[in-house]
1. Identify all residues within region 235-249 that are surrounded by fewer than 24 Cβ atoms within 10 Å (Cβ to Cβ) and touching a helix residue (DSSP H, G or I) at 6+ places or on another chain (Cβ under 7 Å); write none if there are none.
2. Take the residues in region 163-178 that are assigned to a loop (DSSP other than H, G, I, E, B) and small (Gly, Ala, Ser); name whichever of them is surrounded by the fewest Cβ atoms within 10 Å (Cβ to Cβ).
3. State which residue pairs qualify: first residue over 15 Å from PHE266 (Cα atoms) and inside region 14-39, second residue among the β-branched types (Val, Ile, Thr) and away from the ligand (no atom under 11 Å from the Cβ) in any location, beta carbons under 6 Å apart, and separation of 6 or more residues or different chains.
4. Being closer than 21 Å to GLN352 by Cα and among the small types (Gly, Ala, Ser) is the filter; apply it to region 22-62 and report the residue that is modelled with the lowest pLDDT.
5. Taking region 196-222 only, how many residues are of a type in the set (Gly, Ala, Ser), away from the ligand (no atom under 12 Å from the Cβ) and either in a loop (DSSP other than H, G, I, E, B) or in contact with a His (Cβ under 9 Å, 6 or more places away or on another chain) (or both)?
6. Looking at region 183-195, can you tell me whether even one residue there is part of a loop (DSSP other than H, G, I, E, B) and of a type outside the set (Ser, Thr, Tyr)?
7. Could you tell me which of the residues ALA273, ALA344, ALA267 is closer than 30 Å to ILE184 by Cα, outside any loop (DSSP other than H, G, I, E, B) and in contact (Cβ under 8 Å) with a residue 60 or more places away in the chain?
8. Given the structure, is ALA110 more than 9 Å from the ligand (Cβ to nearest atom), on the phi > 0 side of the Ramachandran plot and out of contact with any Ser or Thr (no Cβ under 9 Å at 6 or more places or on another chain)?
Amino acid sequence: MATSVLITGGAGFIGSALARRLVGAGYDVAVMDVLHPQVHGEHGAIDLPPSVRLCTGDVTHAPDWDAVLRLCRPSQVVHLAAETGTAQSLSEATRHGSVNVVGTTQLLDALSRAAHVPDQIVLASSRAVYGEGAWQSGSQVFYPQPRSHAQLASGVWDPHGPTDLPAIPLPSSAGRTEPRPTNIYAATKLAQEHILAAWTAAHDSRLSVLRLQNVYGPGQSLTNSYTGIVALFARLARQQRALEVYEDGQIVRDFVYIDDVIAALFAAIERPASPQRCLDIGSGTPTTIHELALKIAAICHAPEPVVVAKFRDGDVRAASCDIEPAKRALDWLPQRALEDGLDALLGWIGEQPESGVGPGDHTPLTALLR
Ligand SMILES: NC(=O)c1ccc[n+]([C@@H]2O[C@H](COP(=O)([O-])OP(=O)(O)OC[C@H]3O[C@@H](n4cnc5c(N)ncnc54)[C@H](O)[C@@H]3O)[C@@H](O)[C@H]2O)c1
C-alpha cells in the first residue's frame, strides 16, 4: 500500500509543489487547507493533482481535524499551514498565534483523539526564528539587538559590535545559532518547533524541522502582497519600472528555489529523522538585495535599480545559512543558481494573467523578514 502523507496548508506555494512531487513518487497524498483568500484569491485558486484528496478545513478548528483524520490516517504529516505575514504579525498577533500555535496544538490533540501517532511530523519552520542572527566582530561572536528606528534613520545599517572592528554577519546554523525571534510570526514558528518536539518525543514519533530561507519560484502567489520580494521585483521589472532598493542595498538574504526546497522536504520524508533533527534549508549563497535587483532588471531589460536609503522598521540586516548539515543528513544538494531560478520565475509570471502592482506598492518589502 502507498505511504500516506497529510500536508496541512498543502494547497499553498510549497504544499502544492510537494503534493505533486509525492504523487509522482507514488505516495497517497491528502491535503488540509482552508484556501485562505489572501493566498488563493476570492475564488480559491488551487493547483493540485487530481489524485490528491483535498479536505477544506481550518487547522484551528477541532471538528475539521476530526473529519480529516476520519478520512485518512497518515504515516507522515507535513505541517505547512500558517499565517506568514511577518509585518502583519506585529499588528495581528492573535491571528498568527491562533493559526500557527493553536493550529499546531489542535493537530496534536486531534491525533490523540484519533489515537493515531504518525511515524514522522515534518515542519516547515523559518529562518525568521534567528532574528538578526549571530555576528562577528574581531574574534567575538555577538547577537545584536534589533536595529532601532533612530539607528536606521541616521543611516547606520549594520549592527554595532563589541569591538571597533567591522561587524560581519555569520550564516545561521541550527546546531550553533541561538534562535532570537524579532517578530510575532518568527516567535510562532519557534513555538511550533518546541510544541512538536515535545509531543513527538513523548509519543515515540519523529520530527524533522526544516528552517527555510526565502523560497521563490513558479507557483508563488502573485496576488498576496505579503509574500516575497522576488515576485514583487519581478513584476515591477516586467512593467519596466526602476526597482527601489532599501538601505544601502546591502541587506542580505538567501533565495532558495522552490524545487530545491521540495527536494529537501521529499528527502526528509523518505529518510525520517532518528528521532529529531533541525536543519537549515537555503541555497547556501548569500545575495544582497541590490544584486537581486540588478539580476532581475537585467533579465527584464528594465531601468537600473535605485538604492534609495529608505528603510523599514523591523527588517533584519542579514540572513543566510549553513547548509552543510542538511546536505549530509538528507543527501541533498540545491541545484538551481539564482539566475536560472529567476529566469524560470519570470517565464512563469509571463504566462500568468496580468494583475497589476499599483504604483508605490512596496509593502511586500516587509516580507524580506520571512
Ligand atoms: N515561502 C517561504 O519563503 C517560506 C520561508 C520560510 C518558511 N515558510 C513556511 O512554509 C510554510 C508554507 O509556506 P508557503 O510559502 O507555501 O505559504 P502559502 O501562504 O503559499 O501557503 C500556506 C497555506 O496554508 C493555508 N492556510 C492558512 N491558514 C490556514 C488555516 N487556518 N487552516 C488551514 N490552512 C491554512 C493557506 O490557505 C495556504 O494554502 C509555512 O509554514 C511558512 O511559515 C515559507
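1. Across region 235-249, the qualifying residues are ARG235, ARG238, TYR246, GLY249.
2. GLY175
3. These pairs meet every condition: VAL31/VAL52.
4. GLY44
5. 1
6. Yes, region 183-195 has at least one match.
7. Details: ALA273 fails: outside any loop (DSSP other than H, G, I, E, B); ALA344 fails: closer than 30 Å to ILE184 by Cα.
One residue alone meets the criteria, ALA267.
8. Details: more than 9 Å from the ligand (Cβ to nearest atom): yes; on the phi > 0 side of the Ramachandran plot: no; out of contact with any Ser or Thr (no Cβ under 9 Å at 6 or more places or on another chain): yes.
So ALA110 does not fit the description; no.
The values are calculated or read from the model by the stated rules, or taken from the named source; none is laboratory data. Keep in mind it's a predicted model, so treat the numbers as computed, not measured. Please note: Cβ atoms are built from the backbone with ideal geometry, for glycine as well, and neighbour counts cover all protein chains shown.
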